[in-house]
Each structure stands twice: as C-alpha cells, then as structure tokens.
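For reference, the structure discussed in these notes is given below.
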Amino acid sequence: MDLKRSHYIGNLGASMKGQKVLVGGWVEDLRELGKLTFLTLRDVTGVAQVVIAGNENIQQIKDLNRQSVVLVTGTIQETKARDFAYEIKADKIEILSRAVHPLPIDPIGRLESNIDNRLNARALDLRNQRVASIFKLRHHVLFSIRKTLTELGFIEVNTPKIIGSASEGGANLFSLKYFDKQAYLAQSPQLYKEQLTIGLERVFEIASFYRAEKSHTVRHLTEFSSVDIEAAFMDYTDVMEVLQTVVTNVFDHMATNCIEEQKTLGIEVKKPNTPFTRITYTQAIAELGKEGISLELGDDLLDSHLRKLGEIHQSFYFITDWPMKLKPFYIHEKEDDATLSKSFDLQYGYLELSSGGRRLHDPEKLRSRLAEQGLNPAQFEDHLRSFDWGMPPHSGWGLGLDRLMSVLTQIDNVREVVLYPRDPERLFP
Ligand code: ATP
Ligand code: MN
C-alpha cells in the first residue's frame with residue numbers, strides 16, 4: 001500500500017478539475033444521501049468533500065466511525081455543495097485505522113467538553129481545529145522568537161535540567177533521587193546563562209523549567225516553558241529593548257503567517273504600540289495610592305495590586321527599578337540609589353510575562369549579596385569561580401512562553417496553550 005499522498009488537502013483547488021489525486025486523513029463526517037455517500041476528510045492542512053458511489057465502495061465504509069483514517073484515490077470535480085469549492089470523486093477508499101465509538105470527547109467541538117476531559121484526551125482534542133490552531137500558532141511564535149534573537153546575534157544553548165544544587169535559593173525546587181545522590185529539577189537557567197556570556201556573549205535558551213509551587217491559578221504550572229536570554233555588554237535597558245523587539249516581531253510574524261489560525265480562533269492580533277510604557281516601581285506605588293491602595297515603598301506588588309495596575313495599563317508595559325530586597329541575589333543595584341535595582345518586569349495588564357535586569361558581575365559583591373539574603377556562598381562555589389575568569393557586565397531576562405501564548409490567543413488559562421500541562425493536580429497523561 002502506498003502511503004505517500006499526492007497532495008495535502010490544503011493544496012487542492014477547483015482549478016484542478018479532472019486531476020487524479022491520492023489524499024489521506026481523518027473522517028470528520030459521513031452522510032448518506034440516496035445512492036451517494038459524502039465523506040468529509042481532514043488532514044492537517046484542510047478539509048475536503050469526498051463523494052462515494054458504487055456498491056463496493058459504499059459497502060466498505062458502511063460502518064466506518066468518524067475519526068477513522070482513510071486513504072482516498074479519486075478525481076477532482078465540480079461540486080454543488082455550498083461549503084466546498086470542489087469535491088473528490090472517489091475511485092478507491094482504503095481504511096488505514098478505525099476509531100472506536102463513542103470517543104471520550106467530541107473532537108469537532110460541536111459538543112463542548114470541559115477542560116479536564118479534553119486534557120485527558122489531548123491527542124484527540126487536537127482534532128478540534130481551534131485547539132490545533134493554538135499549537136500551530138505556538139510553533140510560529142517559537143520560530144519568530146528564534147529568528148529575532150538569532151538576527152540580534154544570540155546563540156541558542158541548552159543547559160542541564162537535572163542539577164546538583166539549588167541554583168536560586170531553593171524553596172520551590174522539585175528534588176529527585178539521582179542514583180545515590182540528591183538532585184533537583186532546574187527552576188531556571190539563570191546561573192548557566194550568566195556563565196555562558198564569558199564564552200558566547202549573547203545566549204538564549206527555550207526550555208522547560210520546574211517550580212514546586214502549589215499554585216492553583218490560570219497562570220502557574222509546575223512545568224513551564226521559558227525563553228531566557230543573557231547578554232554581555234548590555235545594561236538592563238538594552239535587554240528591555242531586545243524583549244520589546246522579540247514581542248513585537250511575534251505580532252508581525254503572526255499577522256503575515258497565521259491568518260487562518262487567527263480566523264479559526266476568532267481573534268485578530270494587533271501590533272502593540274511602541275515603545276512599551278515604562279513606569280518605575282515607585283511610580284506604580286504612587287498610581288496605586290491614587291486608587292486608594294496604600295503601600296509602603298518596599299512592599300511587593302500582590303495579585304490584587306497588579307489587577308489594579310492592569311486596569312490602568314491595559315497592554316504591554318514595564319515596571320522598572322524594583323527595590324533590591326524584592327529581587328534575587330544576582331541583581332545589580334542602581335548606581336544612584338543602592339536600595340533600588342536595575343530590574344524590570346514586563347506586564348500585560350495584570351499578568352507578569354517576564355522578569356529581568358542587570359546582574360552583578362563582581363564576585364565579591366555577589367558573595368556578600370548571597371550572605372545578606374541568607375544563602376550560603378559555599379553552595380555557589382562552582383558558579384562564583386567563573387566570576388574570576390573574566391566575567392563581563394551582563395543583563396538578561398526570562399519570558400514565560402505559556403503566558404505569552406495566552407496573551408496572543410486571548411485565552412486566559414495557560415493549560416489551554418500547553419499540550420500536556422502539569423499542575424499540582426495533573427500528572428497524567
Ligand atoms: P510569578 O510571580 O507570576 O509566580 P515569578 O516572578 O516567580 O512569577 P520569574 O522567576 O520571574 O517568575 O520567572 C520569569 C517568567 O517565567 C515569569 O515572568 C513568568 O512569565 C514565567 N513563569 C514563572 N513561573 C511560572 C509558572 N509557575 N508557570 C508559568 N509561567 C511561569
Ligand atoms: Mn518575576
């Protein structure tokens with residue numbers, strides 16, 4: 001049996017009248033109408049109507065269930081159907097795989113299934129074109145990010161996810177047995193990417209990271225995808241520019257390459273205005289004060305505060321210059337005010353998409369910051385050693401890809417934009 005299709009359905013058209021084709025895909029619908037049977041066939045690129053006549057062929061598909069996989073040899077002809085520009089008159093149908101019935105969810109999405117049932121049958125859920133579109137979009141977003149960063153001179157790297165010591169302090173690390181040793185799952189590539197600026201200057205990594213946090217929100221997963229960059233000879237404002245370029249290029253790329261997916265999802269992405277608004281943490285506190293939320297300088301911005309700021313700033317905006325005490329040990333202080341840091345978060349409304357900043361590159365400062373934050377410098381010796389090998393001044397950020405996808409698709413729950421999400425309750429499939 002020849003499995004090699006002559007065409008993707010998306011490449012067929014009315015202008016091909018009379019042409020023989022071999023197409024294959026999934027049976028989306030099957031309707032008998034007198035002596036004819038109409039089969040709606042879908043592959044990853046599109047959908048076509050197949051007309052089946054003749055006893056032998058009709059007999060063969062008589063008890064065929066939807067979502068079964070078939071190969072169709074046929075000829076393109078004109079159609080009377082309103083939803084199609086042409087149809088395929090079948091000469092031969094071969095059944096490659098039978099789907100059972102009933103299926104656990106309605107894969108075409110005519111019947112709404114709740115998200116848990118859908119995630120339990122995720123592979124089948126992807127036959128729903130809305131769901132498939134999300135992951136086609138995600139592919140394009142990844143492509144665009146890689147393209148932008150490559151053009152800006154960044155080199156893609158892969159750092160370990162199994163690590164021997166807690167890289168950033170350690171509260172929310174998953175631990176695992178590594179033969180007779182204790183190991184952890186990486187919560188970020190922070191220390192590695194900083195070290196790599198010594199050899200490669202500008203690096204990026206797109207990978208899964210792990211946080212053992214029992215968060216039950218629409219924006220937290222225990223395993224999430226992160227886009228991380230680190231760059232030598234850049235200050236925090238420089239990497240903010242890089243981040244803005246990465247994000248706006250994604251919008252441009254989607255506008256030209258993801259028209260069908262947007263249509264299917266019922267969205268239309270609009271390139272955000274640039275430059276993104278920048279407010280300092282201190283300004284954010286003042287803005288909240290005007291709204292009747294009084295915070296002290298130094299207080300963290302909690303969910304309720306970010307919700308309020310998100311009402312004031314509805315698109316992308318940066319919150320910069322956070323108090324040192326709210327940021328991790330490796331962040332660099334501001335030259336004119338050592339209580340503040342060269343740091344930023346990128347927000348979309350209430351949602352934090354990214355955190356970044358200038359890093360300390362002086363090993364002595366880094367040692368004392370570790371101690372100040374109650375961390376043991378001895379545990380970071382492997383990392384600190386590299387700071388004696390010509391560590392350049394550097395800055396970077398981490399961008400939550402799943403959260404960015406939820407902004408782009410206008411779907412609030414990150415579980416919808418991750419194929420097999422992991423949260424405190426969900427470990428399967
Ligand atoms: P949050 O305060 O929202 O929990 P964070 O400040 O702890 O996030 P960072 O350590 O700054 O997160 O990580 C960088 C980015 O990675 C975040 O801005 C976010 O987009 C993404 N991210 C972090 N933790 C998660 C998670 N548990 N699930 C999904 N995305 C995450
Ligand atoms: Mn953060």
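The values are calculated or read from the model by the stated rules, or taken from the named source; none is laboratory data. None of the values given here were measured: they were computed from a predicted structure. Backbone-built Cβ (ideal geometry, glycine too); neighbour counts: all protein chains shown. Please note that ligands, DNA and RNA were not included when accessible areas were found on the heavy atoms of the full protein model with its side chains. Shrake-Rupley method; radii C 1.70, N 1.55, O 1.52, S 1.80 Å.
Return a whole-number percent for the relative contact order of the chain, with Cα pairs under 8 Å and 6 or more residues apart as the contact set.
About 13 percent, as a whole number.
Could you check the spin-label model distance between residue 172 and residue 382? Points 7 Å from the Cα along Cα→Cβ, value in nm.
Distance between label points: 2.3 nm.
If you roll a 1.4 Å probe over the stretch 58-112 with all protein chains in place, what percent of the accessible area is carbon or sulfur?
So the carbon and sulfur contribution to the accessible surface is 48 percent.
Relative to the longest principal axis of the chain, what angle (0 to 90°, nearest 10) does the C-alpha long axis of helix 303-312 take?
The helix 303-312 is inclined about 80 degrees to the chain.
Would any residue of the stretch 411-429 have its amide N under 17 Å from a label point 7 Å out along Cα→Cβ of residue 208? List them or say none.
414-429
Could you tell me which of rounded, prolate or oblate describes the stretch 7-48, using a ≥ b ≥ c as the square roots of the eigenvalues of the alpha-carbon gyration tensor, with rounded for a/c under 1.5 and, failing that, prolate when a/b is larger than b/c and oblate otherwise?
oblate
Put +1 on the Cβ of every Lys and Arg and -1 on every Asp and Glu Cβ in the stretch 293-429; which of 324, 374, 418 then has its Cα farthest towards the positive end of the dipole?
Of the options given, the answer is 418.
Size of the dipole of the chain about the Cα centre, Lys and Arg at +1 and Asp and Glu at -1 on the beta carbon, nothing else charged, in debye to 20?
1720
Which is farthest toward the positive dipole end of the stretch 48-163 among 144, 158, 129, measuring Cα position about the Cα centre, with Cβ charges +1 (Lys, Arg) and -1 (Asp, Glu)?
158
Where a Cα-Cα gap under 27 Å defines reach, which lysines qualify for residue 17, not counting those fewer than 8 residues away within the same chain?
Straight-distance partners of residue 17: 4, 35, 80, 89, 92.
Using only Cα atoms, find the angle between the long axis of helix 281-290 and the longest principal axis of the chain, and express it within 0 to 90 degrees, rounded to the nearest 10.
80
Using all C-alpha to C-alpha distances in the stretch 88-153, build P(r) with 10 Å bins and read off the rounded percent in each one.
Once binned at 10 Å, the Cα pair distances of the stretch 88-153 give 17, 30, 26, 19, 8, 1.
Could you point to the residue in 250, 221, 197 farthest towards the positive end of the stretch 193-258's charge dipole, with +1 and -1 charges on the Cβ of Lys/Arg and Asp/Glu respectively?
Selected residue: 221.
In whole percent, how big is the carbon plus sulfur part of the accessible area of the stretch 177-313, probe 1.4 Å, protein atoms only?
That fraction is 49 percent.
Given the whole protein assembly as supplied and a 1.4 Å probe, what does the accessible area of residue 409 come to in Å², nearest 10?
Counting only protein heavy atoms, the figure is 0 Å².
Can you tally the net charge around residue 306? Count Lys and Arg as +1, Asp and Glu as -1, for every other residue whose Cβ sits under 12 Å from the Cβ of residue 306.
-3
Could you compute the FRET efficiency for residue 302 and residue 198, with r as their C-beta to C-beta distance and R0 at 51 Å, rounded to 0.05?
Computed FRET efficiency for residue 302 and residue 198: 0.85.
For the chain, what is the mean residue ellipticity at 222 nm derived from helices alone (per DSSP H run of n ≥ 4: -39500 (n - 2.57); sum divided by total residues; nearest 500 deg cm²/dmol)?
-8500 deg cm²/dmol
Considering only C-alpha atoms, what is the centroid distance from the stretch 56-98 to the stretch 399-429, in Å?
About 36 Å separates the Cα centre of the stretch 56-98 from the one of the stretch 399-429.
Using only the Cα atoms of the stretch 191-252, build the gyration tensor, take square roots of its eigenvalues as a ≥ b ≥ c, and label the shape rounded, prolate or oblate: rounded if a/c is under 1.5, else prolate if a/b is larger than b/c, else oblate.
In terms of gyration-tensor shape, oblate.
Let me know the shape class of the stretch 274-323, please: from the alpha-carbon gyration tensor, a ≥ b ≥ c as square roots of the eigenvalues, rounded when a/c is under 1.5, otherwise prolate if a/b is greater than b/c, or oblate.
Oblate shape, in that a/c is at least 1.5 and b/c is the bigger or equal ratio.
Tell me the net charge near residue 237. Cut-off is 11 Å between Cβ atoms, residue 237 excluded, with +1 for each Lys or Arg and -1 for each Asp or Glu.
Taking every Cβ under 11 Å from that of residue 237, the sum is -1.
Scan the chain and hand back the longest stretch that contains none of the chymotrypsin sites (Phe, Trp or Tyr not before Pro) lying in DSSP loops with at most 13 other Cβ atoms within 10 Å.
Between the exposed loop sites, the longest stretch runs 1-178.
Given contacts defined as C-alpha pairs under 8 Å and at least six residues apart, what's the relative contact order of the stretch 251-403, whole-number percent?
17
Here are some pairs, 290/325; 193/214; 161/334; which of them have Cα atoms lying more than 29 Å apart in this structure?
Too far apart for the 29 Å limit: 161/334.
Helix 190-200: angle to the longest alpha-carbon principal axis of the chain, degrees 0 to 90, nearest 10?
90
Let me check against my output: what whole-number percent is the relative contact order of the stretch 94-145, with C-alpha pairs under 8 Å and at least 6 apart?
About 28 percent, as a whole number.
For the chain, what does the accessible surface come to per residue with a 1.4 Å probe? Please give it in Å².
Counting only protein heavy atoms, the per-residue value for the chain is 49 Å².
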